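Undergrad: Dumping the structure here so I can ask a few things about it.
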């Protein structure tokens, strides 16, 4: 076996200040995601400050949500040591909790800015998944969020992983599934799908955001069962049987589930939540299509109700109240609206 070289979780120190790779990687993940969102926002003339402010508020909200989610399902470990709840540097956050916190913040923030949440969430979806793709490498450096034990030969010969990953998956002399890598690669494929999907004419408002949740949750359902640090839930035996049955294709491919402490339950919470999210997301898309509520396309303009639009120099000015110019302008808008609706109906027939 090659000489074991583990990565130092500390990137550098300046006096008493210690900077960890985990923090740098998460910062890079947030920055790359933000740049991707800003670039797409330019197509809709959305000021980049809107997204920058969203990140400044969303990141703390995500951290708080992630911690509350984790502590809620492990309350027995904290109820007698309440101050440990705030010691987030000791670990203990959950990504679904982070998403819940960030979404709540986004709903409030975008509403105050006058933007439709679903339109803005669609723009942010690729940024979210690229952030998760990069952020998982923080778990790699910290040797956390890994899967169950495997043979070294599985990592080298079956997965053909480079030495630096194989060595880092050696935790206290035992090699483990690189669950971080599985999820990072799954997110990379998902990013490509979202980037292609958002340029399709059939895509309606909110559907790219739902597609992100569907793709991520499918991967999370199968990858979560490999991990040994999952939050558990004591569910009826039939629920555990259904979940295990759905995961059985992984067993056929030679994978085994990681250890789940019976003291915490018989089903992984993230797997149950992944199933629920997939169902809700699919229903969201179908119901809105069937009821006709999905009438706004992803490609349609995005306008804030709080920012008055200014007429450009090359657009005709409307006349003062009481003159014919104002009336003509209204008629032109009506004609334009009808033309857009006829074009949309024609496109729908082509689809």
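The values are calculated or read from the model by the stated rules, or taken from the named source; none is laboratory data. No experiment lies behind these values; they were computed from the predicted model shown. All Cβ positions, even for glycine, are placed from backbone atoms using ideal geometry, and neighbour counts span all protein chains on display.
Undergrad: Out of all the residues in the stretch 59-79, which are without any contact (Cβ under 8 Å) to a residue 40 or more places away in the chain and either assigned to a loop (DSSP other than H, G, I, E, B) or more than 27 Å from residue 25 (Cα to Cα) (or both)?
TA: Listed by number, the residues that qualify are 75, 76, 77, 78, 79.
Undergrad: Counting only residues that are farther than 20 Å from residue 195 by Cα and surrounded by 18 or more Cβ atoms within 10 Å (Cβ to Cβ), which one in the stretch 21-50 is modelled with the highest pLDDT?
TA: Ranking the qualifying residues of the stretch 21-50, first place goes to 50.
Undergrad: Return only the number of the condition from (1) in a helix (DSSP H, G or I); (2) more than 30 Å from residue 77 (Cα to Cα); (3) more than 23 Å from the chain's Cα centre (by Cα); (4) without any contact (Cβ under 8 Å) to a residue 12 or more places away in the chain that residue 293 does not satisfy.
TA: Evaluating residue 293 over (1) in a helix (DSSP H, G or I); (2) more than 30 Å from residue 77 (Cα to Cα); (3) more than 23 Å from the chain's Cα centre (by Cα); (4) without any contact (Cβ under 8 Å) to a residue 12 or more places away in the chain leaves (1) as the failure.
Undergrad: Next question, about the same structure. Surrounded by fewer than 20 Cβ atoms within 10 Å (Cβ to Cβ) and in contact (Cβ under 8 Å) with a residue 60 or more places away in the chain: which single residue out of 167, 157 fits that description? First the steps, then the outcome.
TA: Details: 157 fails: in contact (Cβ under 8 Å) with a residue 60 or more places away in the chain.
It is 167.
Undergrad: Just checking, which of 136, 199, 156 is assigned to a helix (DSSP H, G or I) and more than 30 Å from residue 92 (Cβ to Cβ)?
TA: Values: 136 fails: more than 30 Å from residue 92 (Cβ to Cβ); 199 fails: assigned to a helix (DSSP H, G or I).
Unique residue meeting the criteria: 156.
Undergrad: Before we move on, is residue 145 over 20 Å from residue 282 (Cβ atoms), in contact with a helix residue (DSSP H, G or I) (Cβ under 8 Å, 6 or more places away or on another chain) and in contact (Cβ under 8 Å) with a residue 40 or more places away in the chain?
TA: Details: over 20 Å from residue 282 (Cβ atoms): yes; in contact with a helix residue (DSSP H, G or I) (Cβ under 8 Å, 6 or more places away or on another chain): yes; in contact (Cβ under 8 Å) with a residue 40 or more places away in the chain: yes.
In short, yes.
Undergrad: A further question on this structure: Considering the stretch 250-278 alone, what residues qualify as being touching a helix residue (DSSP H, G or I) at 6+ places or on another chain (Cβ under 8 Å), closer than 22 Å to residue 149 by Cα and part of a helix (DSSP H, G or I)?
TA: 250, 269, 270, 271
Undergrad: Restricting the search to the stretch 157-182, which residues are farther than 18 Å from residue 138 by Cβ and in contact with a strand residue (DSSP E or B) (Cβ under 9 Å, 6 or more places away or on another chain)?
TA: Within the stretch 157-182, 166, 170, 174, 175 qualify.
Undergrad: Sticking with this one: Among 26, 6, 36, which is in contact with a helix residue (DSSP H, G or I) (Cβ under 7 Å, 6 or more places away or on another chain) and in a loop (DSSP other than H, G, I, E, B)?
TA: Sole residue among the options that is in contact with a helix residue (DSSP H, G or I) (Cβ under 7 Å, 6 or more places away or on another chain) and in a loop (DSSP other than H, G, I, E, B): 6.
Undergrad: Ok, one more. Identify the single condition in (1) modelled with pLDDT of 90 or more; (2) surrounded by 12 or more Cβ atoms within 10 Å (Cβ to Cβ) that residue 265 does not satisfy, given that it satisfies every other one.
TA: With respect to (1) modelled with pLDDT of 90 or more; (2) surrounded by 12 or more Cβ atoms within 10 Å (Cβ to Cβ), residue 265 is out only on (1).
Undergrad: Is there a residue being assigned to a helix (DSSP H, G or I), in contact (Cβ under 8 Å) with a residue 40 or more places away in the chain and in contact with a helix residue (DSSP H, G or I) (Cβ under 6 Å, 6 or more places away or on another chain) anywhere in the stretch 80-96?
TA: Checked against the condition, which is being assigned to a helix (DSSP H, G or I), in contact (Cβ under 8 Å) with a residue 40 or more places away in the chain and in contact with a helix residue (DSSP H, G or I) (Cβ under 6 Å, 6 or more places away or on another chain), the stretch 80-96 yields at least one hit.
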